[in-house]
Structure formats: structure tokens, C-alpha cells
Amino acid sequence: MVNENNAAQTYQYQHSLHRKTRTALVTTALALIAEKGLSQTNMIEIADRARVSRASLYNHFRDKNEVFLAVVELEIERIFALAMREREVSARLHILSREISSHRALATALTKDPATIAALLERHDGEIWSKIYQGLAAVTSSDSMGTALVLRWIIGQVFIPLSPEHSVAQSARISRAIS
């Protein structure tokens, strides 16, 4: 019984350490992308700035593309969690709009790596797009047509961010259109 408890505690500790290391790597990568863009960020710099060994970095991620996808996934989860705190659909849409329009890493990546961002947004397949679509469906409580409208509206803001005033106005307008 004692050995089973020790094994369970060891596993929990290792799992917690794994999660903390991965989070440190992803948040560091996000900061570097915001600072320098995706193409100017490299794996060695991510590991060094996160204060993680390079071997540990490569245990978590095969290459920079995997790190970038983890950053995108983390940001999707963060933004949808913020939006879901609100009760009204228009307030939820405003949060999505505000976060996309003012996202520092996204703005830097668009300036320094526009082809990479365009290629990512061109594809509408894969796990990340599924998460985006499911998140938008939850945020809007809308049918597929309403969710598709919101998706297009959000993608537009990636390339042409809205001012805070326009964000509020358009969020209200989109909310009314999909209800």
C-alpha cells in the first residue's frame, strides 16, 4: 500500500512538473512572438528564456511549428474562457473582438510573418479549427449559420483590428443578427 501511494505521488509530481514546464515554454514563446514575430523566434531562445533545458523543450515539442500551434491553442482556450464569463452574447462577442483586435503577438506576427498567418487562416480543417468552431458555437449559442457569420467577423479582425468603439457596436449588431 505504501509503495502504491508513493508511486501515485511521484506520478502526480511528474505530471505537475510536465504541465508547468510546458506552460512556461508556451507562454515564453507567446512573449517572444509578440516581441519579434514567429520567424525571428527560435527554439533555443524559447528554452533559454523559459529557463528550461533544450532537451526538455524537445521532449515537449518536435519543432517550432508545434510550439506555435500550442500557443494558438492556449490563446484560443484563454479567450473563450474570458468570453464565457459573460452572460449576454453581445458581451461575449465584444470580448472576442477586443482580444483579437488588441492581441500583441497576433499584431506582431501579422507585421513580420503575414504569409504564415494567412496560411493558418486559409485552412479550416484540423483540431484547432474544430476548437474554434466549437468555442464560437458555445459563445454564441447559435446555429451553424450564426457561428459561421461570427467566425468570418472574427477572421476579419485578425487582418483589420477594430477600435474599441467599433468593437462594441459591431458586437451588438452581430448579436442581434444571430439571435
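Structure above, values below:
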{"item": "Single residue of SER97, SER142 found to be among the small types (Gly, Ala, Ser), outside any helix (DSSP H, G or I) and surrounded by 13 or more Cβ atoms within 10 Å (Cβ to Cβ)", "result": "SER142"}
{"item": "Hits in region 100-113 (condition: closer than 16 Å to GLU75 by Cα, assigned to a helix (DSSP H, G or I) and not aliphatic (A, V, I, L, M))", "result": "SER101, ARG104, THR108"}
{"item": "Criterion violated by VAL168 - all others in (1) out of contact with any Leu (no Cβ under 8 Å at 6 or more places or on another chain); (2) among the β-branched types (Val, Ile, Thr); (3) under 19 Å from ARG78 (Cα atoms) satisfied", "result": "(3)"}
{"item": "Candidate set from region 157-179 (those that are hydroxyl-bearing (Ser, Thr, Tyr) and crowded, with 17+ Cβ neighbours inside 10 Å); member that is farthest from ARG92 (Cα to Cα)", "result": "SER167"}
{"item": "Options LEU57, LEU69, LEU74, LEU82; residue that is closer than 14 Å to SER171 by Cβ and not acidic (Asp, Glu)", "result": "LEU82"}
{"item": "Those residues of region 145-156 which are farther than 24 Å from ALA109 by Cβ and surrounded by fewer than 13 Cβ atoms within 10 Å (Cβ to Cβ), in sequence order", "result": "MET145"}
{"item": "Candidate set: region 123-139, residues that are of a type in the set (D, E, K, R) and assigned to a helix (DSSP H, G or I); chosen: the one surrounded by the fewest Cβ atoms within 10 Å (Cβ to Cβ)", "result": "GLU127"}
{"item": "Residue under evaluation ARG87, criteria (1) outside any helix (DSSP H, G or I); (2) touching an Asp or Glu at 6+ places or on another chain (Cβ under 9 Å); (3) among the basic types (Lys, Arg), criterion not met", "result": "(2)"}
{"item": "Flag for THR116 being under 17 Å from the mean Cα position of the chain (by Cα) and part of a helix (DSSP H, G or I)", "result": "yes"}
{"item": "Unique residue being touching an Asp or Glu at 6+ places or on another chain (Cβ under 9 Å), at pLDDT below 95 and not aliphatic (A, V, I, L, M) when the list is LYS131, LYS64", "result": "LYS131"}
{"item": "Single residue of region 145-162 satisfying the filter (in contact (Cβ under 8 Å) with a residue 24 or more places away in the chain and outside any helix (DSSP H, G or I)) that is nearest to PRO114 (Cα to Cα)", "result": "PRO161"}
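The values are calculated or read from the model by the stated rules, or taken from the named source; none is laboratory data. Keep in mind the model is a prediction, meaning the values are calculated, not measured. In this analysis, Cβ positions are derived from the backbone assuming ideal geometry, glycine residues included, and neighbour counts consider all displayed protein chains.
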